[in-house]
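The values are calculated or read from the model by the stated rules, or taken from the named source; none is laboratory data. Since we're looking at a predicted model, the values are computed, not measured. Every residue, glycine among them, receives a Cβ derived from its backbone with ideal geometry; neighbour counts consider all protein chains shown. We work out accessible area using only protein heavy atoms, side chains counted, and drop any ligands, DNA or RNA first. Shrake-Rupley method; radii C 1.70, N 1.55, O 1.52, S 1.80 Å.
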Amino acid sequence: PPPRQQVLKQVIEFLKLYDIEVDYNNVGEFQACLNKFKIEHPEKSKEIEYHLLRSMELARYFCTGVLDPSQYHHYALNVPYYTHFTSPIRRYPDILVHRLLDYAVRGEKGPPGWDKHTIQHLCNHSNDKRLAAKTASELSALLFLGLFIAECGTLEQKGSVVKVLDHALDILLSDLGIVRRVYTDKLDIKAFKTRRIQSIPYMDLEWSNGRKQTLTAFTSVPVHLIKGDKPFEFKAVIPPPPPLTAKPAGGASAAGNDEDDDVITLD
């Protein structure tokens with residue numbers, strides 16, 4: 001199916017706040033759009049791809065007899081008709097297709113008791129099980145990552161902010177392909193505040209070592225993945241920036257710059 005239009009609209013409006021224009025009508029143009037961002041915004045391309053993919057729907061199995069032909073189109077592959085016909089060793093829908101094609105080439109009506117509603121029911125069941133298997137696979141990967149961190153210690157990752165919330169930040173860890181939420185009450189800070197400027201959300205952090213930091217979407221930050229409070233759990237935290245070096249007598253910094261240096265804004 002095509003992308004969820006409401007989500008896609010929100011994503012396009014969000015990216016526009018950061019001067020990132022998105023315009024495509026099909027999957028071919030979508031891929032061209034992503035390739036363009038890799039050239040024009042190489043430091044932001046993974047974050048842009050993450051936001052755009054949020055609007056995509058998973059492919060679904062269906063019986064052609066219950067849908068209008070205009071709905072047969074496979075959006076991701078950009079083809080008008082598509083069905084599985086691979087070795088039926090792990091996907092039940094492949095077995096359904098093999099059986100139906102076997103009856104079709106022999107000119108017979110089909111297995112007794114099989115009508116379009118029965119086949120659609122089997123398709124719905126396959127869709128549910130496919131989603132459950134995908135969810136189980138993702139949760140299992142996180143479980144083993146938590147076990148690895150518990151046994152081997154803190155895992156350092158490069159992250160990028162994808163969303164600013166009232167008391168937390170969602171951060172994309174592109175090397176792991178996951179998004180983790182970082183809560184302000186888990187950070188070594190004295191205070192924080194959120195604000196908006198021209199609809200763009202910002203979070204200001206005042207660290208315990210005196211440093212100040214302003215974060216917004218597309219800000220690059222180091223992230224530490226540490227052991228959680230429960231077995232197999234882990235949590236993400238942002239380490240504090242290094243403390244400021246003392247300025248020489250006379251007020252000038254070691255680099256010869258006497259400007260105030262206690263605010264860091266990462267873009």
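When only Cα pairs under 8 Å and 6 or more residues apart are kept, what is the percent relative contact order across the chain? Relative contact order for the chain comes out at 14 percent. Modelled spin-label separation between Phe192 and Leu53, with each label point placed 7 Å from Cα along the Cα-to-Cβ direction: 2.5 nm. Ranked by solvent-accessible area (1.4 Å probe, protein heavy atoms only, all chains present), the residues Lys235, Lys36 order from largest to smallest as Lys36, Lys235.
Calculated FRET efficiency, Cys33 to Tyr82, Cβ-Cβ distance, R0 = 35 Å: about 0.95 to the nearest 0.05. Per residue, the average separation of C-alpha pairs within less than 8 Å and at least 6 apart gives region 67-165 a relative contact order of 11 percent. For the chain, adding -39500 (n - 2.57) for each run of n ≥ 4 DSSP H residues and dividing by the number of residues yields -11000 deg cm²/dmol at 222 nm. Rolling a 1.4 Å probe across the protein heavy atoms gives the chain an accessible surface of 64 Å² per residue. Across q = 0.11, 0.13, 0.16 Å⁻¹, the chain modelled as identical point scatterers on its alpha-carbon atoms has Debye log10 I(q)/I(0) values of -0.84, -1.04, -1.27, in the order of the q list.
A Förster radius of 51 Å combined with the Cβ-Cβ distance from Ile226 to Lys9 puts the calculated FRET efficiency at roughly 0.85. Taking every DSSP bridge with both residues inside the chain, close to 90 percent are antiparallel. Test of understanding: extend the Cα→C-beta vector of Ala136 to 7 Å, then name every residue of region 59-100 with backbone N under 13 Å from that spot. It comes to no residues whatsoever. When only the Cβ of Lys, Arg, Asp and Glu is charged (+1, +1, -1, -1), the dipole of region 42-103 relative to its Cα centre reaches about 160 debye. Compared with the alpha-carbon gap, the fully stretched path from Leu147 to Lys109 is longer by 8.4 nm at 0.36 nm per residue.
Once the Cα-Cα distance is subtracted from the 0.36 nm per residue extended length, the Ala168 to Arg99 segment shows a gain of 19.7 nm. Summing Cβ point charges (Lys, Arg +1; Asp, Glu -1) relative to the Cα centre of region 1-96 gives a dipole of roughly 360 debye. Mean-square fluctuations from a GNM of the chain, with a 10 angstrom spring cutoff on Cα atoms, peak among Val27, Val164, Val182 at Val27.
Which of the residue pairs Lys129/Lys230; Lys9/Lys134; Lys46/Lys158; Lys163/Lys227; Lys16/Lys163; Lys186/Lys235 have a Cα-Cα distance greater than 19 Å in the structure shown? Listed pairs above 19 Å: Lys129/Lys230; Lys9/Lys134; Lys163/Lys227. Note on Asp204 and Asp19: the model spin-label points, each 7 Å out from Cα along the C-beta direction, lie 2.4 nm apart. The portion of the accessible surface of region 1-91 made up by carbon and sulfur, rounded to a whole percent, is 53 (1.4 Å probe; DNA, RNA and ligands excluded).
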